[in-house]
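*Asks:* Have a look at this one before I ask anything.
No value in this document is a laboratory result; all are computed from the given coordinates. All values reported here derive from a predicted model rather than from experimental measurement. Because the Cβ atoms are built from the backbone with ideal geometry, glycine has one as well, and the counts that use them run over all protein chains shown.
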């Protein structure tokens, strides 16, 4: 059952776990500081949408190396449990990207011909034939695999590999993670 505010609309607070400044000399983790902030400033029952808290290779958490763990530099699953005692949680799943150290990315680099269907990887292409990256440069970035250059769809940076959500392996893994 969702909680509503007086206007009858659901109110959701979205935040990255590190968005709350830690108090000077605090030994709290970023999630610990966020819990403290929520207790002081947010009404009980208010939905909190936490943006990526996974171990990540960069991109502010949007290049996850793991889809289920909490990055120890941010906090722990215990922090999520404490936060969930007073607030329904929406957790930001980043299932369309895999960081360079994610299992899918490692498998792809080791066995590109077996795992290529999990990504948008193409042999020799002209990157200028594709849309530009929102951050400049090209979305098709060169990557060396088995001594050959191919191009990989990486719209934001070379830290995250975009996954092919039509791949059976990718879809099955996402389902497994969500049904945990």
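*Asks:* How much length would be gained if the chain were fully extended between residue 128 and residue 44, taking 0.36 nm per residue of separation minus their Cα-Cα distance, in nm to one decimal?
*Replies:* 25.2 nm
*Asks:* Further question: May I ask for the Kirkwood hydrodynamic radius of region 12-91, worked out over all distinct Cα pairs and given in angstroms to one decimal?
*Replies:* Answer for region 12-91: a Kirkwood hydrodynamic radius of 12.7 Å.
*Asks:* Let me ask something else about it. Can you give me the angle between helix 168-179 and the longest principal axis of the chain, using Cα atoms only, in degrees from 0 to 90, rounded to the nearest 10?
*Replies:* Taking the Cα atoms of the chain, the angle to 168-179 is about 10 degrees.
*Asks:* Over the chain, with a Gaussian network built from C-alpha contacts below 10 Å, which listed residue (130, 95, 54) shows the highest mean-square fluctuation?
*Replies:* Judging by the Gaussian network model, the answer is 130.
*Asks:* Report the residue, chosen from 141, 106, 44, that carries the largest GNM mean-square fluctuation when the chain is represented by alpha-carbon nodes joined by springs under 10 Å.
*Replies:* In this elastic network of the chain, the residue with the biggest mean-square fluctuation among 141, 106, 44 is 44.
*Asks:* Once you've got the GNM for the chain with C-alpha springs shorter than 10 Å, pick whichever of 61, 45, 32 has the biggest mean-square fluctuation.
*Replies:* Between 61, 45, 32, it is 45 that shows the largest mean-square fluctuation.
*Asks:* Sticking with this structure for a sec: Return the whole-Å distance between the Cα centroid of region 117-180 and the Cα centroid of region 64-95.
*Replies:* First find each Cα centre; the distance between them is then 26 Å.
*Asks:* Enter the angle in degrees (range 0 to 90, nearest 10) between the Cα long axis of helix 77-86 and the first principal axis of the Cα atoms of the chain, meaning the one along which they spread out most.
*Replies:* Taking the Cα atoms of the chain, the angle to 77-86 is about 50 degrees.
*Asks:* Residues of region 51-69 with amide nitrogen under 11 Å from the 7 Å Cα-to-Cβ point of residue 135?
*Replies:* 58-63
*Asks:* Can you tell me the length gained on complete extension of the stretch residue 59 to residue 110, counting 0.36 nm per residue apart and subtracting the Cα distance?
*Replies:* 16.0 nm
*Asks:* Roughly what would the spin-label model give for residue 14 and residue 175, points 7 Å off Cα along C-beta, in nm?
*Replies:* 2.8 nm
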